[in-house]
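The values are calculated or read from the model by the stated rules, or taken from the named source; none is laboratory data. Predicted, not measured: the structure shown is a model, and the values here were computed from it. Glycine also receives a Cβ, built like all others from the backbone with ideal geometry; neighbour counts cover every protein chain displayed.
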Ligand code: UDP
Ligand code: MG
C-alpha cells in the first residue's frame, strides 16, 4: 500500500453503535470496489456508547485502512469532521455521516468528479428522507447561506456527502476559527466546483443528534460566524427610525401651527424627540457592532489567500503560508 492513499473518507461518529457494523461493512465493500487506495477515517466525537470500542476494533481489523480518531469529549459534528480532515492524508477527501443516510455506494461518483479535477464536489439529495420540519429548516438555511456567500455557492449545504481536493482541505485547515462551516469555507477556496445528485436514505438506526434547539443554535452560529449583515440591518433600522422621528416632528410642528389646540400639549412633540433618540441609539449600536465585527474578522485569523503552488522557482512550505 502506498504511503498516501488516493482517497480518504472522513466520518464523524457520535453514539452510533447500532449503525457502525453496517457502515463498516458497506463502506469497506464500496471502497474495495473502487480502483483506488483508500483510508476510512472514523472520528469518535466523545461517544458514550460502544462506538469508540468498535472503532478501535475496526482499525485493528483493517490496519492502515480504517483509521480511528478518538476525541476526548463531544465537540460537535463540524469539529469532529475538522479533526478527521487533519488526520486524513488522501489526495481526495470525501466526508459523510455515520447513520447511512448517505449511501457509501455513492462515494465512487464523487471520486470520479474529483479525478476530473473538481476541487469541491457538492451533492443534492434525491428524494430526501427527512421530516417536513427538517426539510423546511434546511431550505431556509440553504437560502441564508447562499445569500451570505459571495461568489461560488452550493444548492444543498446540508448534505454531508461531499468531496474535496487536498488543496481545499489544507486551506480549510488553515482557518483556525471555532464553529466553522466547512462547505462554505471550502467553496471560498475552490477553483472548480460541481454538484451531483445522490441517493438519500432514512437514518438507519438511532435518533438524530439534532433537536430543534441544537439546530437553531447551529444556524445562529453560522450567521454570526459568517456575516456582520445583522449589525448593518440594525444601523439601517436605527437610521430610518430616527428619520421617521424627524419627519414626524416636522409634521407635528406644522399641524400645531395651523391648529393651536392640536398636539395634546406637546405630547406628540415629545414622541417625535423620543423616536429620534431611540433611532439614534439603534444606529449607534449597529455602528459599534460594525467595529466589533471588524475586530472579529481580524481575530479569527482566516487566511486572506491560499497559494496552491508557485511555478518557476521552488518554494518551501513556509513561503507559501500567508
Ligand atoms: N455527530 C457528531 N457529533 C455530534 C452530533 C453528530 O459527530 O455532536 C455525527 C453523527 O454521528 C452523524 C453526523 O454527525 O454521523 C450527523 O448527525 P445526525 O445524523 O444526527 O444529523 P442529521 O442527519 O439529523 O442532520
Ligand atoms: Mg443523519
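When the stretch 72-102 is examined, which residues are found to be closer than 20 Å to residue 31 by Cα and within 10 Å of ligand 1 (Cβ to nearest atom)?
Initial filter on the stretch 72-102 (closer than 20 Å to residue 31 by Cα): 81, 84-85, 87-102.
Across the stretch 72-102, the qualifying residues are 81, 84, 95, 96, 97, 98, 99, 100, 101, 102.
Could you check how many residues of the stretch 1-27 are in contact with a helix residue (DSSP H, G or I) (Cβ under 8 Å, 6 or more places away or on another chain), away from ligand 2 (no atom under 16 Å from the Cβ) and farther than 15 Å from residue 95 by Cα?
Final tally of qualifying residues: 1.
Regarding the stretch 28-38, can at least one residue be identified that is farther than 16 Å from residue 92 by Cβ, buried (at least 19 other Cβ atoms within 10 Å of the Cβ) and more than 22 Å from the chain's Cα centre (by Cα)?
Keep residues of the stretch 28-38 that are farther than 16 Å from residue 92 by Cβ, which gives 28-29, 32-33.
Then drop every residue that is not buried (at least 19 other Cβ atoms within 10 Å of the Cβ), which leaves none.
Looking through the stretch 28-38, none of the residues is farther than 16 Å from residue 92 by Cβ, buried (at least 19 other Cβ atoms within 10 Å of the Cβ) and more than 22 Å from the chain's Cα centre (by Cα).
Looking at the stretch 126-137, is at least one residue within 16 Å of ligand 2 (Cβ to nearest atom), more than 21 Å from residue 164 (Cβ to Cβ) and within 15 Å of the chain's Cα centre (by Cα)?
Within the stretch 126-137, one or more residues are within 16 Å of ligand 2 (Cβ to nearest atom), more than 21 Å from residue 164 (Cβ to Cβ) and within 15 Å of the chain's Cα centre (by Cα).
So if I check each of 117, 151, which one is modelled with pLDDT under 95, more than 11 Å from ligand 1 (Cβ to nearest atom), surrounded by fewer than 17 Cβ atoms within 10 Å (Cβ to Cβ) and at positive phi? Outline the logic, then answer.
Values: 117 fails: modelled with pLDDT under 95.
Selected residue: 151, the only one of 117, 151 that is modelled with pLDDT under 95, more than 11 Å from ligand 1 (Cβ to nearest atom), surrounded by fewer than 17 Cβ atoms within 10 Å (Cβ to Cβ) and at positive phi.
Just for helices (runs of 4 or more DSSP H) wholly inside the stretch 158-274: which have at least 2 residues that are more than 25 Å from residue 107 (Cβ to Cβ) and touching a helix residue (DSSP H, G or I) at 6+ places or on another chain (Cβ under 9 Å)?
The helices (runs of 4 or more DSSP H) meeting that bar are 212-226, 229-258.
Select, from 84, 90, the only residue that is more than 16 Å from ligand 2 (Cβ to nearest atom), assigned to a loop (DSSP other than H, G, I, E, B) and surrounded by 20 or more Cβ atoms within 10 Å (Cβ to Cβ).
On the way: 84 fails: assigned to a loop (DSSP other than H, G, I, E, B).
Just a single option satisfies the conditions, and that option is 90.
Could you say which residue among 6, 18, 22, 105 is surrounded by fewer than 22 Cβ atoms within 10 Å (Cβ to Cβ), within 24 Å of residue 129 (Cβ to Cβ), in contact (Cβ under 8 Å) with a residue 24 or more places away in the chain and more than 15 Å from ligand 1 (Cβ to nearest atom)?
Working: 6 fails: within 24 Å of residue 129 (Cβ to Cβ); 18 fails: more than 15 Å from ligand 1 (Cβ to nearest atom); 22 fails: more than 15 Å from ligand 1 (Cβ to nearest atom).
Sole residue among the options that is surrounded by fewer than 22 Cβ atoms within 10 Å (Cβ to Cβ), within 24 Å of residue 129 (Cβ to Cβ), in contact (Cβ under 8 Å) with a residue 24 or more places away in the chain and more than 15 Å from ligand 1 (Cβ to nearest atom): 105.
Quick one: count up the residues across the stretch 232-257 that are crowded, with 17+ Cβ neighbours inside 10 Å and closer than 14 Å to residue 280 by Cα.
Qualifying residue count for the region: 6.
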